[in-house]
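S.K.: Before I ask anything, here is the structure I am working with.
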Ligand code: NAP
Ligand code: SF4
């Protein structure tokens with residue numbers, strides 16, 4: 001049997017789970033709409049895909065504990081009825097599901113938020129109201145009410161959210177708990193609230209209900225919990241009646257990335273392993289685990305009892321079924337980009353997935369068998385073209401894909417060169433192997449034109465973009481980002497023109513050099529200041545940034561902070577990474593000329609030279625539509641997707657979604 005550890009059953013308190021895979025809690029946004037069908041379909045597909053235990057997105061025990069105004073909660077009969085649809089859908093598909101009880105405390109994005117102490121979080125504009133002693137008691141009882149309602153709604157258990165800096169976690173550490181009553185003071189008192197929450201749930205629900213406690217292993221905030229405190233809490237949770245410890249890494253306000261793609265895979269598993277070594281309760285390992293091989297390895301080494309993966313189940317609902325069938329190469333990989341999931345959530349949009357546009361849209365975007373198989377020719381083997389080919393072939397169409405270069409991938413080939421974006425390599429592998437499996441006829445080194453397209457029932461043009469050239473003196477002296485990422489020689493001082501996603505990526509590539517911390521855990525920990533909670537409370541060490549490989553100046557014409565348009569949840573990581581490498585960032589720049597000495601600019605009315613041996617232009621793209629124009633003129637039935645359709649603000653997410661949506665319709 002493939003993955004014998006991962007796929008072996010496990011008994012957790014009252015439940016026997018079919019395998020050791022947990023789909024970790026994720027907020028999709030579907031929780032907050034009145035129709036339960038889309039959320040039920042989302043979970044049903046994951047249950048049918050074989051996951052052992054699903055944990056829902058965070059459900060608030062009361063309105064002021066909700067993450068934001070109107071966020072999902074379990075407040076009464078209507079909510080119970082909504083959740084019954086979810087649990088039925090999961091159970092009908094052979095799955096098990098626990099509901100996460102999430103009280104946000106001071107992280108609740110509302111005026112009425114409450115917390116152990118009236119101390120504002122650095123990531124929220126709202127100062128919480130301090131709860132009285134009796135109110136703390138009442139809040140904990142609401143955890144019990146939520147658990148009772150969860151059972152009524154058919155859930156197999158609850159996860160009590162005690163990590164990531166939410167309400168219960170806020171009791172544990174002094175920076176957020178300055179109380180002097182029974183809920184504060186020394187650690188024994190600071191941990192009373194989380195322990196009481198679990199103990200009261202157990203007392204009210206009896207032994208036949210799964211209780212998971214999500215414990216923070218490393219807070220990554222100043223004066224966070226020590227390792228001794230983590231162990232005290234873990235033991236107290238066992239006494240209180242928890243069946244299993246899920247693990248949490250870092251508070252949301254921490255300035256250390258914990259799940260972004262630049263975090264090495266399995267970066268925090270050593271902490272789960274250390275907790276498991278104490279033999280207190282079964283332990284679930286989490287964070288940056290995205291392949292069955294890594295998950296199996298963690299279990300085989302005895303580092304955890306179960307593996308939690310969240311975003312990988314957005315990327316592929318059949319992750320477990322494919323692993324079990326020995327088809328791991330077919331699993332669409334989560335590249336940890338956050339672009340379509342967390343960035344959407346934090347922008348008030350429904351979560352989906354860059355790699356899998358069906359995620360969260362199961363009832364709307366379906367890849368049904370084509371009523372009439374067609375001959376479809378696709379020009380361009382970048383992200384948009386490859387996705388269109390995969391979906392069209394899945395539906396039974398006869399697909400030919402023509403690519404002008406000697407390799408598939410288009411811009412993905414550039415992205416994969418960027419330090420911290422190595423996950424793109426796996427994504428490209430997946431695209432390529434799926435095209436092969438689905439028998440798409442791929443023609444490399446074929447610059448297609450009208451004669452090649454005649455005879456097709458449908459023509460899809462996905463020819464992508466070309467870098468925008470600058471119209472200033474000396475522009476021909478500059479390299480394009482594509483030249484640089486394909487390995488062109490670059491000097492010791494570099495000026496980068498344009499500070500969008502690609503400008504940032506190129507600056508990272510040039511300042512980092514060949515040794516990528518994302519591939520080396522020790523180097524990554526040093527660079528970000530990730531320590532050991534045994535040695536430093538909260539696990540914070542002094543960062544020791546790497547020496548930059550080059551001096552880089554990054555420029556844009558807009559005034560204000562560079563990188564504003566980067567991902568909502570990852571932009572700060574890119575900015576901090578470049579700042580640590582001494583990258584100089586200039587806004588409000590006008591480019592006058594590129595000279596042998598660098599770039600002549602004007603800033604605040606003053607001209608000056610930004611000295612550089614190499615100048616790289618990352619000033620956006622223009623669509624490549626020549627073939628499209630000729631095909632349309634020849635009267636062919638043409639569909640434009642990706643960068644060929646529109647280059648402005650194009651990204652892989654939009655390209656892939658557009659390819660999938662078109663192919664689902666043809
Ligand atoms: P972009 O994000 O649109 O940025 C283009 C940059 O070029 C801007 O800094 C713009 O700033 C500058 N620019 C535009 N026209 C110019 C001109 N005529 N002369 C000089 N400068 C000019 O495009 P991109 O960086 O090429 O990225 C393409 C897409 O890929 C984006 O949608 C991006 O989201 C995505 N992507 C994202 C990431 C990421 O989030 N990490 C990484 C790579 C790519 P000024 O106009 O202020 O000068
Ligand atoms: Fe993973 Fe990116 Fe998809 Fe989110 S959008 S699930 S991070 S691949």
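Throughout, read-outs are computed from the coordinates displayed, never taken from laboratory work. Since this is a predicted model, take the numbers as computed values, not measurements. Cβ placement follows ideal geometry from the backbone for every residue including glycine, while neighbour counts extend to all protein chains displayed.
S.K.: Computed on alpha carbon atoms, what radius of gyration and Dmax characterise the range 262-327, expressed in Å?
M.R.: Here Rg and the maximum Cα pair distance are 12.2, 35 Å.
S.K.: If you line up the Cα atoms of the chain on their principal axes, what length do they span on each, largest first, in Å?
M.R.: Computed over the Cα atoms, the extents are 74, 64, 45 Å.
S.K.: Considering the convex hull of the alpha carbon atoms of the range 321-417, report its projected area averaged over all viewing directions, in nm², one decimal. Display every interim value, and only then the final one.
M.R.: Details: hull surface 33.4 nm².
Mean orientational projected area (the range 321-417, Cα hull): 8.4 nm².
S.K.: So, one more: Mind pulling the angle between the C-alpha long axis of helix 423-437 and the longest principal axis of the chain? Nearest 10 degrees, somewhere in 0 to 90.
M.R.: Around 70 degrees separate the two axes.
S.K.: What FRET efficiency comes out for the pair residue 584/residue 522, r = Cβ-Cβ distance, R0 = 35 Å, nearest 0.05? Write down the numbers at each step before the final one.
M.R.: Numbers: r = 28 Å, r/R0 = 0.81.
According to the calculation, E is roughly 0.80.
S.K.: Additional query: Where the eigenvalues come from the Cα gyration tensor of the range 218-330, what are the semi-axes √(5λ) of the equivalent ellipsoid, largest first, in whole Å?
M.R.: Numbers: eigenvalues 136, 66, 26 Å².
Taking √(5λ) for each Cα gyration eigenvalue gives 26, 18, 11 Å.
S.K.: Tell me, what is the FRET efficiency for residue 429 and residue 300 to the nearest 0.05, using R0 = 22 angstrom and their Cβ-Cβ distance as r? Display every interim value, and only then the final one.
M.R.: Numbers: r = 23 Å, r/R0 = 1.07.
So the FRET efficiency works out to roughly 0.40.
S.K.: Would you kindly state how much longer the chain becomes between residue 634 and residue 604 on full extension, computed as 0.36 nm times their sequence separation minus their alpha carbon distance, in nm to one decimal?
M.R.: Numbers: separation 30, 0.36 × 30 = 10.80 nm, distance 5.13 nm.
So the chain would gain 5.7 nm between residue 634 and residue 604.
S.K.: For the chain, find the longest principal axis of its Cα atoms and tell me its angle to the long axis of helix 501-512, 0 to 90°, nearest 10.
M.R.: 80 degrees
S.K.: With angles folded into 0 to 90 degrees, how steeply does helix 571-580 sit against the dominant principal axis of the chain? Use alpha carbons for both and round to 10.
M.R.: The two axes meet at around 80 degrees.
S.K.: Let me ask something else about it. Could you rank the peptides 615-625, 543-553, 442-452 by their average count of other C-beta atoms within 10 Å per residue, with the highest value first? Before the final figure, lay out the partial values.
M.R.: Working: 615-625: 21.7, 543-553: 17.4, 442-452: 14.6.
Output ranking for 615-625, 543-553, 442-452: 615-625, 543-553, 442-452.
S.K.: So for each of 188-198, 479-489, 572-582 I average, over its residues, the number of other beta carbons within 10 Å; can you give me the resulting order with the highest mean first? Show your work: numbers first, answer last.
M.R.: Working: 188-198: 22.7, 479-489: 16.7, 572-582: 18.5.
The densest-packed peptide leads the list: 188-198, 572-582, 479-489.
S.K.: Post the alpha-carbon centroid distance, the range 513-563 to the range 232-293, in whole angstrom.
M.R.: Cα centres, the range 513-563 to the range 232-293: 23 Å.
S.K.: Inverting the mean 1/r over all pairs of different Cα atoms, compute the Kirkwood radius of the range 10-345 and quote it in Å.
M.R.: Working: mean 1/r = 0.0507 Å⁻¹.
Hydrodynamic radius (Kirkwood, Cα pairs) of the range 10-345 is 19.7 Å.
S.K.: Here is a further query. When ranked by the protection proxy of mean other Cβ atoms within 10 Å per residue, highest first, what sequence do the peptides 258-264, 351-357 form? Let's see the in-between values first.
M.R.: Working: 258-264: 21.6, 351-357: 24.0.
Per-residue Cβ counts within 10 Å, averaged per peptide and sorted highest first, yield 351-357, 258-264.
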